[in-house]
Amino acid sequence: MKTTVMKAKDVCKSFANNGGQNHVLDMVNLEIYDGDFTVIMGSSGAGKSTLLYALSGMDKPTSGSVCYKEREISHLKEQKMAQLRAKEFGFVFQQAHLVSNLTLFENVAVTGYLTKTRTQKEVRSRAEELLSQMHVEKAADRLPSQVSGGEAQRAAIARAMMNEPGMLFADEPTGALNKRNTQEVLDLLTKINEDGQNILMVTHDIKAAIRATRLLYLEDGRVVDEMSLPVYEKEEARRREKQVEAWLSSMEW
């Protein structure tokens, strides 16, 4: 039986809109399980990114609750939430969002000082190890403006992994990359999941979605269906893609 890492109960999110309310999330109930590579899909405007932000504490739900490792986190004060994000959550976005005047190494290392649990030597060692794992160690001393989009995104993944997060949240992490860089980033995400990293990713790209072990489909702010998949194997990619395409077609995606 799988262990629940994160749980959303009756989560709603509304935004003010021209004097009315725009209801983006509508009584979302779901559980995220330990070891899974969970992917959220859905049509444009379904609320995918809003759900990811509500689960990760980057935004607060209008109502309902989010629990992480049996701790209710959706109503934590910002200071406590910031501490939790720094220690337990990693984030990768469509754009790398690296600090422009810091090298790739410095962008990764600076995150390690936030939790104050490692010595300077340990932080440097961890940063070097991660940059090597992400295959960007040769660019460690370069600024973000001096590397490719793929290298910047791989450094962003290293930064997200710096504090060994319990959950890695990824919002369209390959959306701004070309085909080759997309493949490299997806291969890295697949590898770290196989090594035990929990991942929750939002994407509209089928080639990214097939890396999931669990797919959730969001429609009008609700999770309306899900699909389980075995661990990704490159040799099975095309068959897996057809399987996911058929499932999405049944959702009228």
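Just a few scattered comments:
- Rounded to the nearest 20 debye, the dipole magnitude of segment 84-129 is 200 debye, with +1 charges on Lys and Arg beta carbons, -1 on Asp and Glu beta carbons, and the Cα centre as origin.
- Taking trypsin sites (Lys or Arg not before Pro) across segment 54-137, the ones in a DSSP loop with at most 10 further Cβ atoms lying within 10 angstrom of their Cβ are Lys77, Lys116.
- Backbone N under 12 Å from the Met27 label point (7 Å along Cα→Cβ), restricted to segment 211-234: 222-223
- Between segment 98-132 and segment 197-228, the Cα center-to-center distance that results, in Å: 30 Å
- The chymotrypsin sites (Phe, Trp or Tyr not before Pro) of segment 169-242 include none that DSSP puts in a loop with a beta carbon having at most 14 other beta carbons within 10 Å.
- Beta bridge orientation in the chain: antiparallel %, DSSP, nearest 5: 60 percent
- R0 of 22 Å, Cβ-Cβ distance Lys138-Glu106: FRET efficiency to nearest 0.05: 0.90
- Computed over neighbours whose Cβ is under 15 Å from that of Glu164, the net charge equals +2, Lys and Arg +1, Asp and Glu -1.
- Reachable aspartates and glutamates from Lys69, criterion Cα separation under 14 angstrom, eight or more residues apart if same chain: Glu31, Asp34, Glu88
- Think of each Lys and Arg Cβ as +1 and each Asp and Glu Cβ as -1; about the Cα centre, that makes the dipole of the chain roughly 560 debye.
- A simple spin-label model places pseudo-atoms 7 Å from Cα toward Cβ; at Asn178 and Ser249 they are separated by 3.2 nm.
- Gain upon complete extension [Asp59, Asp205; 0.36 nm per residue less C-alpha separation]: 50.1 nm
- Once the 1.4 Å probe is applied to the protein heavy atoms, the chain comes out at 50 Å² accessible per residue.
- In a fully extended conformation the segment linking Arg118 and Lys242 would gain 40.1 nm over its present Cα-Cα distance, using 0.36 nm per residue.
- Cα convex hull of segment 63-197 - mean projected area over all directions, nm²: 9.0 nm²
- When the charge dipole of the chain is built from unit charges on Cβ atoms (+1 for Lys and Arg, -1 for Asp and Glu) and taken about the Cα centre, the candidate among Leu248, Val110, Leu200 whose Cα reaches farthest toward its positive end is Val110.
- Its alpha carbons considered, segment 1-150 gives a radius of gyration followed by a Dmax of 18.3, 54 Å.
- A Förster radius of 30 Å combined with the Cβ-Cβ distance from Thr4 to Ser125 puts the calculated FRET efficiency at roughly 0.35.
- For segment 68-119, GluC sites (Glu not before Pro) meeting the loop criterion (DSSP other than H, G, I, E, B) and having at most 10 other Cβ atoms within 10 Å: Glu70.
- Extreme residue, positive dipole direction of segment 104-208, given options Gln120, Leu168, Ile157 (C-beta unit charges): Gln120
- Ligands, DNA and RNA left out, the accessible area of the chain computed with a 1.4 Å probe is 47% carbon and sulfur.
- Extension gain for the segment Asp225 to Arg71, taken as residue separation times 0.36 nm less the Cα-Cα distance, is 52.8 nm to one decimal.
- Over the C-alpha trace of segment 204-253, radius of gyration and Dmax come out as 10.8, 35 angstrom.
The values are calculated or read from the model by the stated rules, or taken from the named source; none is laboratory data. Bear in mind the structure is a predicted one, so any value in this text is a computation, not a measurement. So basically every Cβ, Gly included, is an ideal-geometry build from the backbone, and we count neighbours across all protein chains shown. SASA here: full protein model, heavy atoms, side chains in, ligands and nucleic acids out. Shrake-Rupley method; radii C 1.70, N 1.55, O 1.52, S 1.80 Å.
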